[in-house]
1. With respect to Asn78, is the statement that it is in contact with a strand residue (DSSP E or B) (Cβ under 8 Å, 6 or more places away or on another chain), of a type outside the set (Asp, Glu) and under 28 Å from Thr593 (Cα atoms) true?
2. Look at Gly295 and say whether it is over 30 Å from Thr331 (Cα atoms), at pLDDT 95 or above and touching an Asp or Glu at 6+ places or on another chain (Cβ under 9 Å).
3. Can you name the number of the only condition in (1) out of contact with any Lys or Arg (no Cβ under 9 Å at 6 or more places or on another chain); (2) among the β-branched types (Val, Ile, Thr); (3) in contact (Cβ under 8 Å) with a residue 60 or more places away in the chain that Val163 fails?
4. Looking at Arg487 and the list (1) in contact with a Pro (Cβ under 6 Å, 6 or more places away or on another chain); (2) free of Cβ contacts under 8 Å to residues at least 40 places away in the same chain, which single condition is not satisfied?
5. Which one is least open to solvent (accessible area, probe 1.4 Å), of the residues in region 527-567 that are within 25 Å of Pro591 (Cα to Cα) and among the charged types (D, E, K, R)?
6. Answer yes or no as to whether Gly449 is in a loop (DSSP other than H, G, I, E, B) and open to solvent by 50 Å² or more (accessible area, probe 1.4 Å).
7. With respect to the numbered conditions (1) modelled with pLDDT of 95 or more; (2) over 16 Å from the mean Cα position of the chain (by Cα); (3) of a type in the set (A, V, I, L, M, F, W, C), which one is the sole condition not fulfilled by Trp254?
8. Counting only residues that are in a loop (DSSP other than H, G, I, E, B), open to solvent by less than 50 Å² (accessible area, probe 1.4 Å) and either touching a Lys or Arg at 6+ places or on another chain (Cβ under 9 Å) or under 19 Å from Gly286 (Cα atoms) (or both), how many does region 253-264 have?
Amino acid sequence: MAPKINDVNITIATENGTGSASANTVLFQSLFRMGLPCSGKNYFPSNIQGLPTWYQIRVSAQGFLCRQDTTDVMVAFNPVTFHRDMNRAAPGGIVVYDSAAPNPPFTEKSPRREDISWLDLPATALVREQVKIPQLRAKLANMVYVGGAAALLGIPEEVVVAVLQNHFGKNKTVLESNLQCVKLGFDHMNTQALPADRPQLRAIPGGNEGKILTDGNAAAAYGAIWGGASVVAWYPITPSSSVVETMMAAIPAWRTDPAGKNHFAIVQAEDEIASITMTLGAGWAGARAMTATSGPGLSLMQEGLGLAYFTESPCVVFNVMRAGPSTGLPTRTQQSDISLMHQGSHGDTKHLVLIPHDNPSIFEMGWRAFDLADRFQQPVFVMMDLDQGMNISISDPFQPPDQPMDFGKRLSDQDLENLTRQGGVFRRYAATDPDGIAPRTIPGQTHPGSAYFTRGTGHDEAAKYSEDALVYEALLDRLRKKYEHARGVLPQPVETPAQGGAAQAGIISFGSSAEPVREARHLLAAQGMPTSHLLLRALPLSLLVEDFIARHPVVFVVEQNRDGQMTQIIRDDFPQLAPKVKSVRVYNGMPITAGEIIRRLKKEGGMG
């Protein structure tokens with residue numbers, strides 16, 4: 001069999017806290033430097049040290065970047081999970097193992113598989129001979145598998161050396177020890193009888209030219225900075241913490257004047273209740289304010305979000321979803337907070353939710369969220385998940401905003417003076433436009449007519465306390481008008497037509513599900529089952545969603561939660577089309593694969 005070229009799935013199994021992250025980064029960046037389309041996904045436990053961790057690298061000549069169901073090359077360097085890892089290798093695959101590690105790799109209960117190739121890379125013994133400091137041996141053993149994998153797959157040694165020099169160049173001693181261990185692995189692998197049909201990697205000159213490596217949390221942080229964020233109130237929580245940590249490192253360059261005065265505030269609150277109330281207070285005062293959180297933190301924010309909605313105070317929430325409920329699986333991914341964001345808080349609330357699907361769209365929606373929050377005067381969510389937020393991937397560079405900031409209907413003192421001269425009076429919650437949005441003022445304005453009292457209780461157009469039934473009903477109806485107006489204003493869905501014939505079905509996806517759906521559609525088309533696709537980008541749903549469903553005999557909604565939360569929103573919005581809409585759900589905490597999507601599509605019926 002001819003070897004696959006630039007098409008390989010590599011899984012590295014190690015123990016958390018042993019320094020494997022640096023080794024995995026070096027290997028991944030070597031592939032990027034070769035110009036190869038690649039992605040890296042880290043599956044790690046929610047403790048600091050000791051439990052199993054896996055890192056999966058995919059190289060795809062066709063540019064598909066999602067996780068795969070099986071692996072071509074398994075680097076099984078964790079004795080505790082060795083037998084499980086061995087069985088994840090595809091038939092005909094390769095397992096690289098450390099015969100010098102503690103515990104025998106094979107037992108009577110778990111014998112050696114005969115349908116895969118075995119390559120011994122005794123890293124433990126190699127570093128024992130070369131590394132004099134015992135405490136460093138476990139960490140440097142990981143660099144041995146970097147060299148071994150490079151030799152196995154055809155990654156030039158000089159490419160790995162260049163990445164190491166860039167990674168550790170400031171510390172000559174650390175650089176030399178890592179170079180030594182990479183060479184140990186490289187040289188030892190080249191003494192093995194390597195399978196002739198093993199996958200091979202070939203450099204693509206200019207293949208990644210103009211591309212960057214980044215994760216979604218960094219994209220969100222820079223998007224927020226470009227969106228004018230000046231107040232950040234947060235409480236650390238996995239997997240969203242690095243959104244604010246990145247901002248802490250980057251924002252001084254943008255918000256510090258020549259005299260050294262900071263024009264921003266980043267506050268770590270005592271909990272999520274405090275962080276959301278600080279955020280809405282700053283938004284009410286006219287700042288561009290935000291927080292970042294995940295499911296458990298979002299649960300605590302519900303009352304504050306209701307206050308922001310009812311008082312019409314703008315704020316932005318980056319929610320990086322993880323597996324719940326309760327503490328759940330803090331380091332696993334899911335799309336299970338959709339309902340909580342969309343209808344967060346008690347009573348009748350409808351929030352605006354932006355749904356990016358890749359790093360450039362995370363950046364763009366990161367800055368657009370602040371314009372929309374000011375325009376609609378309410379909380380705006382940017383919906384992400386752990387897979388997007390914490391995994392590094394190849395990305396196009398971010399495009400800065402090409403328009404001035406939109407502060408919405410904000411009345412200046414001169415506007416108020418003109419209104420007074422015309423015999424009018426500013427009433428905070430009086431909206432005359434069809435969009436239901438009332439003009440506002442902010443604290444600090446000097447015109448005597450600018451002031452009003454903000455309350456979370458019932459209020460009339462003049463912001464005065466009211467329990468009048470008709471006034472209250474009119475207020476809720478006006479707030480709903482804003483939501484309905486947003487359907488045509490928020491980012492619209494993007495449709496991709498079927499290839500290779502008329503569509504047998506339509507597929508709707510969003511967020512991190514979009515990339516595996518792209519690959520699944522490619523595979524289905526090759527099987528003679530073309531599909532068309534609609535990428536959702538926001539809630540409330542555009543009326544284009546209704547049109548897409550109406551044009552297809554059946555539509556599958558792919559999402560990563562147990563209850564089909566997005567499917568239910570679609571059915572509620574377009575009940576006459578509900579029988580056409582089927583839910584395809586994956587909720588095991590792992591990033592979804594194209595194979596899983598295809599299997600579940602066929603199980604649901606309507607395909608093939």
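1. On the way: in contact with a strand residue (DSSP E or B) (Cβ under 8 Å, 6 or more places away or on another chain): yes; of a type outside the set (Asp, Glu): yes; under 28 Å from Thr593 (Cα atoms): yes.
Yes.
2. Numbers: over 30 Å from Thr331 (Cα atoms): no; at pLDDT 95 or above: yes; touching an Asp or Glu at 6+ places or on another chain (Cβ under 9 Å): yes.
Judged against the criteria, Gly295 is not a match.
3. (1)
4. (2)
5. Glu559
6. On the way: in a loop (DSSP other than H, G, I, E, B): yes; open to solvent by 50 Å² or more (accessible area, probe 1.4 Å): no.
Taking the combined requirement at face value, the residue does not satisfy it.
7. The number of the failed condition is (1).
8. Of the residues in region 253-264, 1 are in a loop (DSSP other than H, G, I, E, B), open to solvent by less than 50 Å² (accessible area, probe 1.4 Å) and either touching a Lys or Arg at 6+ places or on another chain (Cβ under 9 Å) or under 19 Å from Gly286 (Cα atoms) (or both).
The values are calculated or read from the model by the stated rules, or taken from the named source; none is laboratory data. Owing to the predicted nature of the structure, the values given are computational and were not obtained by experimental measurement. Note that we place each Cβ from the backbone using ideal geometry, even for glycine, and neighbour counts take in every protein chain shown. Accessible surface areas use protein heavy atoms only, side chains included; no ligands, DNA or RNA. Shrake-Rupley method; radii C 1.70, N 1.55, O 1.52, S 1.80 Å.
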